[in-house]
Each structure stands twice: as C-alpha cells, then as structure tokens.
Amino acid sequence: MSPLNQHDHYQRLIQLSKRLPPLSQLITPSRTEKYHIKGPHLSFSYAHCQVTDPILTHLQGLCHDQHISEKLAALLNNEPVNKSENRAVTHLQSRQAHSTSLDAQQRRRLQRYYDQQQQTPPEHIVHIGTGGSHLGPQLLYDALKVWSTCQGLPYIPVTFISNIDMDYIHSQLQEIPLNKTLFIVQSKSGSTQEVTLILNALRQYANNHDISPAQFKSQCLAVTCQNSPLDNARLFQEIFYMSPEIGGRYSVTSAIGASTLSLAFSPDVFERVLKGARDMDQHAQSHKLLHNMSLLAASIQIWERCILAYNSQAILPYSSSLSRLPHFIQQLECESNGKQCDLNFEALPYPSAPVIIGDTGTNFQHSFGQMLHQGSDITPATFIAFTKTCQNDDPDMQRALIENLSAQSYALAMGQESSNLNTHFHGNRPSRILTATQLSPESLGALISFFENQVMFEGFLLNINSFDQEGVQLGKTLAQNIEEIPHLTHFVNHLIK
C-alpha cells in the first residue's frame, strides 16, 4: 500500500492549497445548503471548511487510491487489520442486534443479572477503570443522566475512579453508602497497574469500615478478557467478558460500557445506544464521500492536517451533557492515530494525528476562544449541538445557544476588518458543525459511531494502524520497574523527599 503523498490526487491537492480562496469569498446561502449531509440521528455541515468542489473531488480520489472500501470490508470480515498484534478488530460487529459475538452474549448475561437485582438494587455504583475503560463510559453516563432526569426516569448514581490519587478516592468513598454499593472493576488486560492499586485500596478501605472480604466480593463485578488476572471467581461475584479484539478506546459499546450503563439505567436504554451506533455504522459503509459523514470528516481532517499543516483540532460541544466528549475524542484520536510509522513499520513522510483541545460552549468562549480567533496558529474546530431540548421546552434559550455556536463558526470564517490590529480578525479559520435534534440514547450512540468511524477512516487514509498503542508502553514499563533503574529511583526520591 503506497504512502498517501505518493498519489496524484495528493499532489493535486497540494497545488489547490496554493490558490485556495478565502472563506469570506466562498460562503453563500447556497453553499450552506449544498455542503450539508443528513444522516441517521445526526447532521453534518461543512460549509465553513476550506474545501471546494475540486478539492472534494480529489479527496474522493484519494479515498479510492487508499482503498478505503476494501479496508473497511477487511475489518468487517474479521481479517487481522491490526497488523502489529495480528488481530481482527471487532467493535463494529459486536454491537449488531443479532450478533453471536462474545459481547452480545455478555449483554444477555447482563440482562439476567439486572433482572435478578431488581428486588434489592444497589444504591450506588463505583466504576473502576482507566483510559478506554473510563472515558467512554463516563461520557455516556453523564449524558444519559441528564436525559434520564429530563424524562423523569430513575437511575443509579455512578462514581468513576480512574486515577491512583488517594485524596480523591477517599473524598469519593466518604459520600457513598459503602455497604449498598456495587463495585465494577474494568481492565481489558486484567493487569492495568492503576486498576490493581485502586482495587487493593478499596478492599483495604472496606475492611477498615467493617465490610468483610466475603461481603466485599459479593458487591464486586469484573469486566475483563477471559483468562486475564482479573478472571478469578474467588475475587468477584460475577465476571463479564470482552473480546481481546476490541481496543480499549473503542470499547464503550462492548461489555465495558454495557456493564455500568445497563445496570445504572437499564439494559433497554443501553440497547437504544447501540441502535444509534448501528444506524451510523450502516451509514458509514457508503463509499461515496459526500454521502458518508464520517468519511467526509476524516478526509477534511487529513486535508487540514497534511496539506494545510494545521497542528491541532478543537472539539466544542454546545451541551454540558457532552462535557466529557473532548476528553473521549482526545484519547480516540491521539492514541489511534498519533503514530510515527505506517503499516510496513516505515517512517511516515507526513504528519499524523492533530493535538486535540476542547471544552463546552459557551465556556470555551471565555477561555481559549481568544486563541482560536486571533492566535498565531489556526486551529480548526468541530462544533457539536442539539437543536432542541430533551423536553422541547424553553426554545428561546436553546436558540440562544445555537446562535452563539453559529456566531463563533461564522466569526472564525469571516473575520472582521479593522485598522487597529488588536481588533482585526483575519478570519479564514475553518470549522464544521455536527448536530442532533435532541439528546437521546440513539443520538449518543450515533455520536460515538461517527467519531469512531472518522478516526478509523483517517487511519486508513494515512496507511497506519489505528488499533494498537505501542506508545503507551514504555512509561508504564519503566514505572513498574523503577528499582531496576538507579537514576530513575534517585529522581523519584528527589521529587518526594
């Protein structure tokens, strides 16, 4: 497979970038109508992106040159597309409605467990996990909590513990009914250092509060791969399994997300999340660039990163329910595509993932919004919003939120002329807008799928492996072998003395 920059379409894109009209000349009402895709549960507007019809034609050609459709088919056929680990990648297949996958089996087990717990359900859940075992589940929990409250539906509160920070852990445990809490311990490998340390600390804390080891076990579930160190029936009341072919950052629709979210809200609610994800997965199988939101978003990001040389991307959800979305996408994008070599383990001749920053709107307008508008570097932005509230109430306030979002996107694109450089806005700063009608389980599932597939398509275009994470290993290995490295031991001792 050839590197991206060796294709004629790539070279034509470089030439087009040298005579790119400013956005102030491109944006018209007709462009707003034309540069818009409506998909299942979501709509995608790219009228404020620095693309034209010829650019889109060459991006479509680049997708063809990089065999995007064939790569997706290989993934869906369970071929070992994770080349470095010689594994298939099965997060898309696992959320199919009638799947025989391990994850579908575990969802049926969770349904039975949930039914058994209904007479005396826990009053609280503590979710222990880090990285992909934390970011996706907490994103969906926070959003579904808002949705459930709006709908008047009950849910079980969840506390997420992901960091080995005893001050934080103690502060959280003091606020929960310890003997009526369900602890869900999550680690794909079963050997994640943080999870092991947190679990040991929780056992000690429970013992100090007169909860016996047997009782603590009865309050503990695990989610892990079969035969991992956590796959130990002596330690947990129940153990649910995930496939080793699902990467942590792609695992929120696997047993990782299913366990906590099904027990907190109900298996039916989680099935609705999966339905939204499946609908968007189906949409993402179109090979036509202008009919595939995730592929188009990926292609535009490759154009911005590799051709226009923009180093970062801002994720700006105009919904407090999505406040964790920038963190989720930060891991998804940077861990998947922050790579230095291609599928042949040769150095990349072009940049890979951008740096991801983000915050909720309108909050970001009062923090790094200044940099987005007048900073020396251009940072493309992705705005995300719901056009209506859950309850269809207070349309004036929701309209004000959308007006703020639209004004920010327009200001970034159009700028403002002034003879005073301090009040001059150069403009020509691209953004795209992703909208859903309302916050719902389905729209959340579609949102997860949209970004997962966008990142996957970016990796296909870059000719890299988006499904391993070798870069996280070195620091972890050193931390677990400190005593074998005298200089590092001295450095640690110096810091804490």
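The values are calculated or read from the model by the stated rules, or taken from the named source; none is laboratory data. Just so we're clear, the structure is a prediction, and the values are computed from it rather than from any experiment. Counting neighbours? That spans all protein chains shown, and the Cβs are built from the backbone with ideal geometry, glycine included.
General observations
- Residue check, PHE425 over 22 Å from HIS36 (Cα atoms) and surrounded by 21 or more Cβ atoms within 10 Å (Cβ to Cβ): no
- Condition met for SER431 (under 21 Å from ILE37 (Cα atoms), assigned by TED's automatic domain parsing to the domain that holds SER321, touching a His at 6+ places or on another chain (Cβ under 8 Å) and not hydrophobic (A, V, I, L, M, F, W, C)): yes
- Scope the stretch 98-119; condition within 27 Å of GLY459 (Cα to Cα) and touching a residue at least 40 places away in the same chain (Cβ under 8 Å); matching residues: SER101, LEU102, ASP103
- Residue in the stretch 313-329 that is crowded, with 17+ Cβ neighbours inside 10 Å and more than 20 Å from the chain's Cα centre (by Cα) present: no
- Some residue of the stretch 204-218 being of a type in the set (D, E, K, R), closer than 27 Å to GLN118 by Cβ and touching a Phe, Trp or Tyr at 6+ places or on another chain (Cβ under 9 Å): yes
- Residues being part of a helix (DSSP H, G or I) and either modelled with pLDDT of 95 or more or surrounded by fewer than 12 Cβ atoms within 10 Å (Cβ to Cβ) (or both) - total across the stretch 440-471: 22
- Considering residues of the stretch 140-186 that are polar (S, T, N, Q), surrounded by fewer than 17 Cβ atoms within 10 Å (Cβ to Cβ) and more than 29 Å from SER319 (Cα to Cα) only, the residue modelled with the highest pLDDT: ASN179
- Among the residues examined, ILE156 qualifies as more than 19 Å from SER443 (Cα to Cα), assigned by TED's automatic domain parsing to the domain that holds CYS220, assigned to a loop (DSSP other than H, G, I, E, B) and within 26 Å of the chain's Cα centre (by Cα).
- Note on the stretch 168-271: enclosed helices (runs of 4 or more DSSP H) holding 1 or more residues that are of a type outside the set (Lys, Arg) and farther than 29 Å from GLN330 by Cβ are 193-208, 213-218.
- Checklist (1) part of a helix (DSSP H, G or I); (2) under 28 Å from TYR241 (Cβ atoms) applied to HIS98, failing item: (1)
- Restricting the stretch 192-220 to residues that are under 29 Å from the mean Cα position of the chain (by Cα) and free of Cβ contacts under 8 Å to residues at least 40 places away in the same chain, the residue that is surrounded by the fewest Cβ atoms within 10 Å (Cβ to Cβ): ASN200
- Those helices (runs of 4 or more DSSP H) of the stretch 9-68 in which 3 or more residues are closer than 24 Å to ILE378 by Cα occupy 23-26, 53-65.
- Hey, ILE357 under 17 Å from VAL455 (Cβ atoms), among the β-branched types (Val, Ile, Thr) and in contact with a Cys (Cβ under 7 Å, 6 or more places away or on another chain) or not: no
- Selected residue [at pLDDT below 95, of a type in the set (Ser, Thr, Tyr) and under 25 Å from the mean Cα position of the chain (by Cα)] from SER189, SER133: SER189
- Residues that are closer than 28 Å to SER133 by Cα and either outside any strand (DSSP E or B) or out of contact with any Leu (no Cβ under 6 Å at 6 or more places or on another chain) (or both) occur in the stretch 375-390; there is at least one.
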